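Notes for the one structure printed next.
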Amino acid sequence: MAVQGTEQVIHRDPALFYWILLPITIVMILTGVLRHYATVLLASPSKPPATLLESRERQALIRGINLRNNAAAAISSSAFNTRKEYLIDGYKKGTFLRGGAESRGQAAPNPMSDPAAMEGMMGMMKGNMAMMIPQTLIMSWINAFFAGFVILKLPFPLTIRFKSMLQSGVMTRDLDVRWVSSLSWYFLCLFGLQSVFIFILGNENSASQVAQQMAQANPGATANPFGPGQEPDKMFQAEAENLEVLEHWSVLDGAEDRLLQIYGS
Amino acid sequence: MATTSTTNPSDPAAVLRIAQKAPSVLAKASSVSTIFPASIFSSADSTELWQDVEQLLYACLRSGDDESAFLCVERLSDRFGADNERVMALRGLYQEAVAKDDAALRTILEDYTKVLQENPIHVPIHKRRIALLKSLGRPQDAIAGLVEFVDSFPTDIEAWCELSDLYESQGHISQAIFSLEEAVLITPHAWNLHARLGELEYMAGTSSSDHSEIRKHLTQAVRRFSRSIELCDDYLRGFYGLKLASEKLLGAYSSAKANADSTIPPEKLQQLSRLATSKLEAIVKERTGPRSSAGNESEVIAVQQLLNSSKG
């Protein structure tokens, strides 16, 4: 057991600092920067619809959702009912579908064979890969070369709970918690360098976002309510049901009474 | 350039003030570098800057500073590429602005059509084409184009509002109301759209001949204006419309005489009209006062005329 009140002294080779601590830190920063640019390259923004009919299919659903959410605050009952009937009719008959009403009931295309859906899933995978691969590589690199080194002493005392966090890879029971192992230094860098990246790459990594924002004059136009593998027809049916059960009230009814109340006359 | 959002965009003086900032904004835009090592040291490549450049382009075109406008377009296409959808539309806008005559405009229209044939979902060019049709004096074609457009993009507010205006210019008030209602459905808290709908309902009410129709539309108009004031305190347009609509509706009640199935009782209408009058007087007093900020003067003058005529 470590004796209370006495300080453990470990003589570290200064080379540890130059050849382990610094390299790990620099490599972490560089991979962070690299990963940022890799994600920028790999990121495929939600693809705009390829045809007019596809855009209509997507936005028809958003239109229904808008009607459901905003009808109370926007339009009178008669205007609401005509719209509701039109949309429900269209949803049920499938007129908004990309392939027209005839394409209803056809088996959903296998998401593996549909290139558009495939791409959506690939996009998610690519994002995860860009995180995972460098992490595994660097961790195995550190494990292979720098395992078991104690490289750093924190200038403040810590409780014993931090031992597993700060001394992974060094299996000594008696070592003071303030000593940090090389593998733990890697983890600290992994989670703690966010502010450094913000400094280097700009706030919220804006470089990538500007280009995307400019690319679309109308951000809503590219929004895709259908996730990969979701069948538009099913979602239309569900939305039709939602609309059918909607009880309409209008904020316009009695607006003049409220106004008189506000101005108290 | 932060002033763009606070000042009235339809105020020519404000536009001119913005256009005069051209050199500083352009200098900032041209110093931006996006390549990695330089991007740390040069000025930030922020979204705001490029939005500023875009606003500057509009302001320059409106104030007749075509050279600065050209530079804006150049900067934008340097940064985002000449085939960027939005940059293409802005370039088209610039070309329309410097076009000499109708023949030149027609060639631009053909260019737009060509672009759309290659890429039918090019939203900004779609809109430019429709706007160009409108400015060529072919509102029917513009309406046809817009109807096609909103069929494919039914959640585009801009298109619905434009369609409403076009219908109104052609005298199809009920279609205009429908289109604007679609826009309000997307942004239910836009008080200016509510007031605009009130204006359209008022127009529908005044142009109709059937008594029950008139009353229906005018009631709706009163409610729309009330809603817009509810959403935005001291909204001049809302009060103006409220005064007109409630007085008109009172007139409609008295001319119909019998069957008093009025949804808004006449006493309430009188209250509303009185409220609107007093509010309008207060607003006029405030805006014409010595410490008034430079607001939209034409609106104030119109209100003054309305108040004078109702007194006399």
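Things worth noting here:
- In chain B, one over the average inverse separation of all distinct C-alpha pairs is 22.5 Å, which is the Kirkwood hydrodynamic radius.
- A compact globular protein would have a Cα radius of gyration near 2.2 N^0.38 Å; the ratio found for the stretch B:126-236 is 1.11.
- Overall Cα dimensions of the stretch B:72-133 - principal axes, largest extent first, Å: 31, 26, 15
- In a fully extended conformation the segment linking A:Phe145 and A:Ile10 would gain 46.5 nm over its present Cα-Cα distance, using 0.36 nm per residue.
- GNM result for chain B, Cα springs below 10 Å: residue of B:Leu197, B:Leu76, B:Leu231 fluctuating most strongly: B:Leu231
- Chain pair B, A: total accessible area buried, heavy atoms, 1.4 Å probe, Å²: 4200
- Ellipsoid semi-axes for the stretch B:100-187, based on the Cα gyration tensor and the rule √(5λ), read 23, 16, 8 Å when sorted largest first.
- Each label point was placed 7 Å from the Cα along the Cα-to-Cβ direction; for A:Thr39 and A:Gln237 their separation is 3.9 nm.
- Stretch in chain B that is longest and holds no trypsin sites (Lys or Arg not before Pro) that DSSP places in a loop and that have at most 14 other beta carbons within 10 Å: B:101-256
- A DSSP coil position with no more than 14 other Cβ atoms inside 10 Å describes none of the GluC sites (Glu not before Pro) in the stretch B:166-262.
- Entries in B:Lys114/B:Lys134; A:Lys84/B:Lys216; A:Lys84/B:Lys134; B:Lys21/B:Lys285; A:Lys93/A:Lys126; B:Lys216/B:Lys243 that, when Cα-Cα distance is taken, lie over 27 Å: A:Lys84/B:Lys134; B:Lys21/B:Lys285; A:Lys93/A:Lys126
- Mean projected area of the Cα convex hull of the stretch B:154-304, taken over all directions, amounts to 9.7 nm².
- Treating each Cα of the stretch A:52-100 as an identical point scatterer and summing with the Debye formula, the log10 of I(q)/I(0) at q = 0.13, 0.23, 0.29 Å⁻¹ comes to -0.31, -0.82, -1.06.
- A:Trp249, A:Trp19, B:Trp191, A:Trp179, ranked by accessible area, largest first (probe 1.4 Å): A:Trp19, A:Trp249, B:Trp191, A:Trp179
- Long-range HN-HN contacts of A:Leu152 with modeled amide H, under 5 Å: A:Val180
- Highest GNM mean-square fluctuation among B:Gly251, B:Gly241, B:Gly198, for chain B modelled with Cα contacts below 10 Å: B:Gly251.
- Residue-span extension gain [A:Asn81 to A:Thr172] - 0.36 nm each, minus C-alpha spacing: 25.3 nm
- Rolling a 1.4 angstrom probe over the protein heavy atoms with all chains in place gives the stretch B:100-187 an accessible area of 44 Å² per residue.
- In terms of Cα atoms, the Rg and Dmax of the stretch A:1-101 work out to 31.2, 85 Å.
- Approximate shape of the stretch B:175-222 as ellipsoid semi-axes (Cα gyration tensor, √5λ), whole Å, largest first: 21, 10, 8
- Summing charges over all other residues whose Cβ lies under 11 Å from the Cβ of B:Ser30, with Lys and Arg as +1 and Asp and Glu as -1, gives +1.
The values are calculated or read from the model by the stated rules, or taken from the named source; none is laboratory data. All of these numbers come straight from a predicted model, not from anything done at the bench. For neighbour counting, all protein chains shown are included, and Cβ atoms are generated from backbone atoms with ideal geometry for every residue, glycine included. Areas reflect the complete protein model, heavy atoms only, side chains present, ligands, DNA and RNA absent. Shrake-Rupley method; radii C 1.70, N 1.55, O 1.52, S 1.80 Å.
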